[in-house]
1. Pairs 32/129; 32/100; 83/159; 32/85; 49/163; 73/163: which are spaced more than 31 Å apart, C-alpha to C-alpha?
2. What's the local net charge at residue 144, with K and R +1, D and E -1, over the other residues with C-beta under 9 Å away?
3. With each pseudo-label sitting 7 Å past Cα toward Cβ, what's the residue 162-residue 71 distance in nm, one decimal?
4. State the volume of the convex hull built on the alpha-carbon positions of segment 48-193, expressed per residue in Å³ and rounded to an integer.
5. Taking 0.36 nm per intervening residue step and subtracting the Cα-Cα distance, what contour gain separates residue 45 from residue 87 on full extension?
Amino acid sequence: MSLFRKIFGSKNKTAQEHVNYEASGKYMPDVKLPIDERFTINFKANGGKFLYCIDFNEVIENLGYIIEENKWKNEKMFLIDNKLKNLFKPVPFNTSKSPKEATYFLSTCEYLIANDGSLLISSNQIAEKNLNELPTNLVIFATTSQFVESISEGLHGIKTKNKASIPTNITKIKHFKIGEEHDFLSYGCSSKNLYLLLLEDL
């Protein structure tokens, strides 16, 4: 992934291609940024916070930092997916099955949408709950292989992966700042304080 390897270094020793955008000239066609860069720019513009992880040990470590930074150690975490509980077993949790009793929500997502920096989720992650029923604080675990260009590409991916039973309650999380307008896909949601734990898997 170009952006992350610029920051953290490539996994191999091949030379990185250098593009001098300023030397392109004003009449040259616009250079389209790689999908990971576009997502990162838009996600951060939305107010989201992400931690890039090169392996799962870093995911565990960064989740611990998030909990420590926000003083959530003695707070309850809302959890729907029990697979995540086993996956993050090294981190001690006080879990709750009720979002009203929880301070934060730990989940995965379906896709990361590059063109608007949003996260696509479904009933696989939130069952039949609305976004405004979830805690204000969200911690989402995702991988770099989940980047897609657009909502339509994400919806197609969900349909392709779940041919036997297409999940319901498909929505997107985009609003990480108070007072932003919502669109129909995020109808009824409130702004969320969102951390993205992004694992390199490509």
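Any read-out appearing in this document is the output of simple, stated calculations on the displayed coordinates, not a laboratory observation. Predicted, not measured: the structure shown is a model, and the values here were computed from it. Here the Cβ is made from the backbone with ideal geometry for all residues, glycine too, and neighbour counts use every protein chain on show.
1. Numbers: 32/129 37 Å; 32/100 43 Å; 83/159 22 Å; 32/85 39 Å; 49/163 33 Å; 73/163 40 Å.
Exceeds cut-off: 32/129; 32/100; 32/85; 49/163; 73/163.
2. -3
3. 3.8 nm
4. Dividing the Cα hull volume of segment 48-193 by its residues yields 117 Å³.
5. Working: separation 42, 0.36 × 42 = 15.12 nm, distance 3.01 nm.
My answer for the length gained is 12.1 nm.
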